[in-house]
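Engineer: The structure that follows is given in the form of structure tokens.
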Amino acid sequence: MHRFTLLSFLSIATLGQAATLYQGATIVSLADGDDTAVPGWILVDDNGYIEALGSGAAPEAASEKASESIDLSGQIVMPGFVSGHSHLWQSAFRGIAPDGELWPWLDAIHRTYGDDFAEGDLAAVTTHGALDQLVHGVTTTYNHSHWLDFPAELYFEQFQAEAKLPQRFVYAHCLPLKESPAVWREQIDTYFPEVQPAPDAPFLGLSLNVRNYGSEETLDEQIKLANELGLTYQLHYLEQSSRQEGDRAEWPSYMEHKVVGPRTTFAHFIHTDAAILKDAAAAGAAMVWNPLSNGRLGSGLADIPGYLKAGLGVGMGVDGQASADISDPFENMRMGLYATRMQDENADGLQPIDMLRLHTLRTAEVLKVDAYVGSLEPGKFADFLVIDPKSPATGPVWNPASHLVFSCSSANITAIYVGGKKVVEDGKVPGQDLAALSTEVAQRIAAIQERQSRN
Ligand SMILES: [Zn+2]
């Protein structure tokens, strides 16, 4: 982090206004090229941007600038986690279909309850999912929304609910494939405000949930719209093991229809072959690895070391809570790392610092939001976790990065800041009654079950 200090001095001197200085914590910035983890300081301006940070004691200019100084000695500070693939509404369906691979599991949720949602249900379950991720340390999520048998006003509750919460999000909009592209455009103009990233603005970007369930013409129209609007888009692909042969057979069509490009992310992307991997990497596409979900649904283990070696962009996601079923990025990193080491029968491949970076900066990169989030660097939003390795007691810290990945869990998070504002303290979200929300969601799900049983 030394390289930031000089830069910081210069910028501090030229900027006015008060700021908050966080001192004493071991800082794991996860910026590219910075693998250090040493005690240091972070200066956050009053707009919620990181103004400067460095190792050791804060320079005088930083102390003078700060109207408030917060001592975080003994704590570890790291960027908030980014989830590159999630379905927030599934938060109310944990533990369901325990013996199901992807498709039977989908049958048990989507195709059983999809047309039984009523007004307010999607807002409540989305809020439940987002706040659950947030208290586990996911400060930015990619909400791959679903449009089941919902009328439009219910479907858009997913976006409207998230826009009111402190968790940042990229919204993967699900186009209603039965409607015409003209209707798609009209809905986008009606329901989505312009994206204006700012420290206090949770909506970080619009993306598309592209589906290949219809005709080739429908696939072309979705990609055409994404290109016209300059949007990223994500497809589920190569997830369920028993369907892999058929999935792989779709690849030539994806290439022919120019689906695969630098704004494409594939969720899961497990059962690739050499040609698919080569094409995807050459096109600048990326994949999102979801180890908890891939384990829960028996989907398989993606060859992440091989993908990285091939130059493919890799991010990580906690997926929906119905397949994760705890949205804890620490568990997600451990599951992914341990499964890879078991498979490879060695421990000198992926390292803890790599896992931390995959679940933060690399995911922000594949989602094209790394100018704002994913690492602690001057000019980015002040989104960070304060982690106390002493509570629960995890023993002496030999190596902060490996301690975070091997020894800590979300239970060690004492505070979470988004845009310089404390949005989580000891598992609570100021202004949100999580217990009341939980009760409301249980009541709404009971009503959904009741309606389903009558259908
Ligand atoms: Zn998914």
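The values are calculated or read from the model by the stated rules, or taken from the named source; none is laboratory data. Quick caveat: nothing in here was measured; it's all calculated off a predicted structure. Neighbour counts run over all protein chains shown; Cβ positions are idealised from the backbone, glycine included. These area figures cover heavy atoms from the full protein model, side chains too; ligands, DNA and RNA do not enter into them. Shrake-Rupley method; radii C 1.70, N 1.55, O 1.52, S 1.80 Å.
Engineer: Averaged per residue, what accessible area in Å² does the stretch 81-366 show with a 1.4 Å probe, protein chains only?
Structural biologist: It amounts to 36 Å² per residue over the stretch 81-366.
Engineer: Projected onto the charge dipole of the chain (+1 at Lys/Arg Cβ, -1 at Asp/Glu Cβ, origin at the Cα centre), which of ALA198, SER407, HIS359 gives the Cα projection farthest towards the positive end?
Structural biologist: Towards the positive end, the residue furthest out is SER407.
Engineer: Taking the Cα centre as origin and putting +1 on Lys and Arg beta-carbons and -1 on Asp and Glu beta-carbons, what dipole magnitude results for the chain, to the nearest 20 debye?
Structural biologist: 460 debye
Engineer: Do any of LYS164/LYS224; LYS65/LYS390; LYS309/LYS368; LYS178/LYS278; LYS65/LYS428; LYS390/LYS428 go past 23 Å between their Cα atoms, and which?
Structural biologist: Beyond 23 Å: LYS164/LYS224; LYS65/LYS390; LYS178/LYS278; LYS65/LYS428.
Engineer: About the Cα centre, and with charges only on the beta carbon of Lys, Arg (+1) and Asp, Glu (-1), how big is the dipole of the stretch 353-442? Nearest 20 debye, please.
Structural biologist: 160 debye
Engineer: Right, something else. Please report the spacing between the Cα centers of the stretch 50-112 and the stretch 386-410 in Å, no decimals.
Structural biologist: Between the Cα centre of the stretch 50-112 and that of the stretch 386-410, the gap is 16 Å.
Engineer: Using only Cα atoms, find the angle between the long axis of helix 329-344 and the longest principal axis of the chain, and express it within 0 to 90 degrees, rounded to the nearest 10.
Structural biologist: Its long axis makes an angle of about 70 degrees.
Engineer: Report, by chain and number, residues whose modeled amide H sits under 5 Å from the one on LEU72, excluding near sequence neighbours (fewer than 5 apart, same chain).
Structural biologist: HN-HN under 5 Å from LEU72: GLN23, GLY24, ALA25.
Engineer: Here is a follow-up. Per Stokes-Einstein, at 10 °C and 1.306 mPa s, what whole-number D in µm² s⁻¹ belongs to the stretch 75-215, with the Kirkwood radius over Cα pairs as the hydrodynamic radius?
Structural biologist: Rounded to a whole number, D works out at 99 µm²/s.
Engineer: So, one more: Would you please give the residues with an amide H less than 5 Å from that of THR414, counting only those at least 5 places away or on a separate chain, with H modeled from the backbone geometry?
Structural biologist: Residues meeting the criterion, in which the H sits 1.01 Å from N, are VAL386, ILE387, ASP388.
Engineer: On to the next question. Which percent of the accessible area of the stretch 412-455 is formed by carbon and sulfur heavy atoms (probe 1.4 angstrom)?
Structural biologist: That share works out to 48 percent.
Engineer: Further, regarding this structure: As a test of the formula, what do you get for the chain when each DSSP H run with n ≥ 4 contributes -39,500 (n - 2.57) and the sum is divided by the residue count, at 222 nm and rounded to the nearest 500 deg cm²/dmol?
Structural biologist: -10500 deg cm²/dmol
Engineer: Contour minus end-to-end for TYR338 and SER241, with contour as 0.36 nm per residue of separation and end-to-end as the Cα-Cα distance?
Structural biologist: Stretched fully, the TYR338-SER241 segment lengthens by 32.9 nm.
Engineer: Label the stretch 81-366 by shape, choosing from rounded, prolate and oblate, from the square roots a ≥ b ≥ c of the eigenvalues of the Cα gyration tensor; if a/c is under 1.5 it is rounded, and otherwise prolate applies when a/b is larger than b/c, oblate when it is not.
Structural biologist: rounded
Engineer: Quick check on the stretch 81-366: of the DSSP beta bridges with both residues there, what percent are antiparallel, nearest 5%?
Structural biologist: 5 percent
Engineer: So what J values fall out for the stretch 362-374 if you push phi through Karplus, 6.51 cos²θ - 1.76 cosθ + 1.60 with θ = phi - 60°, rounded to Hz, Gly and Pro as x?
Structural biologist: Result, rounded to whole Hz: 5, 5, 4, 5, 5, 8, 6, 10, 6, 5, 10, 9, x.
Engineer: With every protein chain kept in the model, how would you rank MET255, MET342 by accessible area, 1.4 Å probe, largest at the top?
Structural biologist: The residues order as MET342, MET255, largest area first.
Engineer: Follow-up question, since we're still on this one. For the stretch 81-366, with all protein chains present and a 1.4 Å probe, just round the carbon and sulfur fraction of the accessible area to a whole percent.
Structural biologist: 50 percent
Engineer: Going from most exposed to least, what order do GLU250, GLU157 have by accessible area with a 1.4 Å probe?
Structural biologist: From most exposed to least exposed: GLU250, GLU157.
Engineer: Relative to the longest principal axis of the chain, what angle (0 to 90°, nearest 10) does the C-alpha long axis of helix 274-283 take?
Structural biologist: Once rounded, the angle reads 60 degrees.
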